[in-house]
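Colleague: Mind having a look at this structure? Questions to follow.
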Amino acid sequence: MPESFELFRYLDHLRRRWRVIAVAGGVAVAVALVAGLLMPAQYTATARILIEPPAAGDLRASMAVSPVYLESLKSYAILASGDRLFADAIEHFRLRPSRSIEQLKKSVLKVTMPRNTKVLEVAVTLPDPRQAQALANDIAKRTVALARDLAMEADRDAIADALRQRGEARAQLGPGETAASNQSPGAAGSPKNESLQLALEAAQMHLQEVRSTAGYRAERLKIFDPGVVPERPSWPNLPLMLLAAVLVSLAASLLYVTIEFNYRLEKSAAPRAVPPLARVKNLND
């Protein structure tokens, strides 16, 4: 019974102090509304890149995408958010950063990959919506070009390594024996020469394989959605700000009213001090 009684007293206290909660909510909403209207609008444009599997791979293997493979594709997100690539992009648009490249990139660029997808999203937030869309598309194009250049460089390195292996095999076999083996591949020779000949043939086949698969072993990046010019600002989000203001003011006002109720409850429950003269009078009586 005492707990129910205190609950009813608390609810009655809330009923009598509703003006405090209402005033706190109204002030918070007004402050959030003014702050939202005074903040400069920011627009976010997004360009999307599709990461296709290597063309030289097996079709069935490319269709069975594993979580490990999807996790490896996040390296392209790191590639798209590189400092040098971002610096070249803002220099191309002649944006004059008032902060460092790292700080500006953190507030302007956001590169993500939705879960379990092969899509790379490049989002750019700027006060100018057209400039945001253009910069997002430009960063996406630079990412595709950089990935292609890295793949071509890897192919060149692989071909150079295969040529080196073939040259070493020819050097070990000797020029005369190499010419003889070219004229009569089935000619018999010493076991050592035969092993060297097999090594040369393996190196030659490896070189042909590397040359035939050049340009088809890396993932292919393609922009399938360059994005559109955003019409609505992404920030400030007035509905979200007003909702947050209402929730914060409600929590703060309830905390204040609860503390006030406990203080009054403790004050009323505390024993009152009896004056000394009243004590003497009571003893005489």
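The values are calculated or read from the model by the stated rules, or taken from the named source; none is laboratory data. Model, not experiment: these values are computed from the prediction. No Cβ is skipped: glycine too gets one built from the backbone with ideal geometry, and neighbour counts run over all protein chains shown.
Colleague: Could you check residue 262 against (1) at pLDDT below 90; (2) farther than 29 Å from residue 7 by Cβ; (3) surrounded by fewer than 16 Cβ atoms within 10 Å (Cβ to Cβ); (4) more than 35 Å from the chain's Cα centre (by Cα) and say which number it fails?
Modeller: With respect to (1) at pLDDT below 90; (2) farther than 29 Å from residue 7 by Cβ; (3) surrounded by fewer than 16 Cβ atoms within 10 Å (Cβ to Cβ); (4) more than 35 Å from the chain's Cα centre (by Cα), residue 262 is out only on (2).
Colleague: While we're looking at this one, here's another question. Being surrounded by 13 or more Cβ atoms within 10 Å (Cβ to Cβ) and at pLDDT 90 or above narrows it down to one residue among 169, 140; which is it?
Modeller: 140
Colleague: Also, quick follow-up: Which of the residues spanning the range 96-127 are in contact (Cβ under 8 Å) with a residue 24 or more places away in the chain and surrounded by fewer than 14 Cβ atoms within 10 Å (Cβ to Cβ)?
Modeller: 116, 127
Colleague: Moving on to the next point. Hand me the list of helices (runs of 4 or more DSSP H) wholly inside the range 1-106 holding 3 or more residues that are at pLDDT 85 or above and either in contact with a Leu (Cβ under 8 Å, 6 or more places away or on another chain) or among the hydrophobic types (A, V, I, L, M, F, W, C) (or both).
Modeller: Once the helices (runs of 4 or more DSSP H) in the range 1-106 are filtered for at least 3 residues that are at pLDDT 85 or above and either in contact with a Leu (Cβ under 8 Å, 6 or more places away or on another chain) or among the hydrophobic types (A, V, I, L, M, F, W, C) (or both), what remains is 2-16, 18-38, 75-80, 83-92.
Colleague: Can you find a residue in the range 121-142 that is charged (D, E, K, R) and not in a helix (DSSP H, G or I)?
Modeller: yes
Okay, residues lined up against (1) of a type in the set (A, V, I, L, M); (2) out of contact with any strand residue (DSSP E or B) (no Cβ under 8 Å at 6 or more places or on another chain):
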position: 83; (1), (2): no, yes
position: 86; (1), (2): no, no
position: 96; (1), (2): no, yes
position: 104; (1), (2): yes, yes
position: 110; (1), (2): no, no
position: 119; (1), (2): yes, no
position: 135; (1), (2): yes, no
position: 141; (1), (2): no, no
position: 147; (1), (2): yes, no
